[in-house]
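First up is the structure itself, then whatever we jot down about it.
Where a number appears in this text, it was derived from the coordinates with a stated rule and is not lab data. The structure displayed is predicted, hence computed values, not measured ones. Neighbour counts are summed over all protein chains in view; Cβ atoms, including those assigned to glycine, are modelled from backbone coordinates with ideal geometry.
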Amino acid sequence: MQDSAIAGHVHDAIRQVRDLRRRVLEAERFTGYSGQTRVVGGVVALLAALVMSRAWYPRSVDAHLIGWAIVAVIAAIGNYSALLVWFFFNPRMRPDIRRLVPTVDALPPLFVGGVLTASLILTSQFDLLFGAWMCLYGLANLSSRRVLPRAMWPLGAYYILAGCVFLFWPGVSFTSPWGMGLVFFLGEVAGGFIFHYNRKPDAPFSSFFAGGA
């Protein structure tokens, strides 16, 4: 009987430690990114590729630069608007600027991406743009991996790998939009799925997306 009582206390202690660890992980986990908004961004990228691949769309580099710039602006407005709504109107937390630190971690790769984009455009290296964008976006996904779901690091690696393929694959053309559209569509749908479950700690497989149970 005494051994059974000791075993029961041990199991209770283990359960309490697991519950405490789960609460700590949920407190540290960043849930500001919207999965739905990210999926919308992927769909917009795919639709942009569809539009720019039509015969009536201009084949000039300038027209394609404008097309992808519109996609980037739509994605940025959508994601940061959802982030601000989460920050100011989340009923389960008070607005605390420290909760936005993970978004700051992503800014250096995005800034470098902007600088590299300007450099490649000024030197007319347009066919390298897709690969550069994918690699830098992959780094942006990896930059806050400590407070984002564990599944974000394979997604970041996916973008970097795709970027390397586009940088070294012969015959990549900036005016052929399907590669860019498909890579970002698949990646953003996967990212949206990950962030959706990251906001639902009690949903199936949430322990995996929250960093393990």
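With a 10 Å radius around each residue's Cβ, average the other Cβ atoms per peptide and rank 178-190, 127-139, 45-57, highest first.
127-139, 178-190, 45-57
Rounded to the nearest Hz, the phi-derived 3J(HN,Hα) couplings of the stretch 109-125 under the Karplus curve 6.51 cos²θ - 1.76 cosθ + 1.60 (θ = phi - 60°) are x, 5, 5, 4, x, x, 5, 5, 4, 4, 5, 5, 5, 5, 9, 6, 9, where x marks glycine and proline.
Quick one: S60, S176, S143, fewest Cβ neighbours within 10 Å first, how do they rank? Display every interim value, and only then the final one.
Numbers: S60 10, S176 17, S143 20.
Ascending number of Cβ neighbours within 10 Å: S60, S176, S143.
The calculated FRET efficiency for the pair Q125 and S81, based on their C-beta separation and a Förster distance of 45 Å, comes to about 0.85.
Counting neighbouring Cβ atoms within 10 Å and putting the fewest first, the residues I74, I194, I66 line up as I66, I74, I194. When each of F166, F88, F126 is scored by the number of other beta-carbon atoms lying within 10 Å, the sequence from fewest to most is F88, F126, F166. Annotation: amide H of T175 has no partner in the under-5 Å range at sequence separation 5 or more or interchain, hydrogens built in the peptide plane. Three principal axis extents describe the C-alpha atoms of the stretch 31-199; from largest down they are 49, 29, 26 Å.
For F193 paired with T175, estimate the spin-label separation in nm (one decimal), with each label point 7 Å from Cα along the Cα-to-Cβ line. A separation of 3.6 nm, rounded to one decimal place. Computed from backbone phi, the HN-Hα couplings of the stretch 159-164 come to 5, 5, 4, 4, x, 4 Hz, rounded to whole numbers (Karplus: 6.51 cos²θ - 1.76 cosθ + 1.60, θ = phi - 60°; Gly and Pro given as x).
Run the numbers for A118 and W56: contour at 0.36 nm per residue of separation, minus the present Cα-Cα distance, in nm.
On the way: separation 62, 0.36 × 62 = 22.32 nm, distance 2.75 nm.
Result for the pair: 19.6 nm of gain on full extension.
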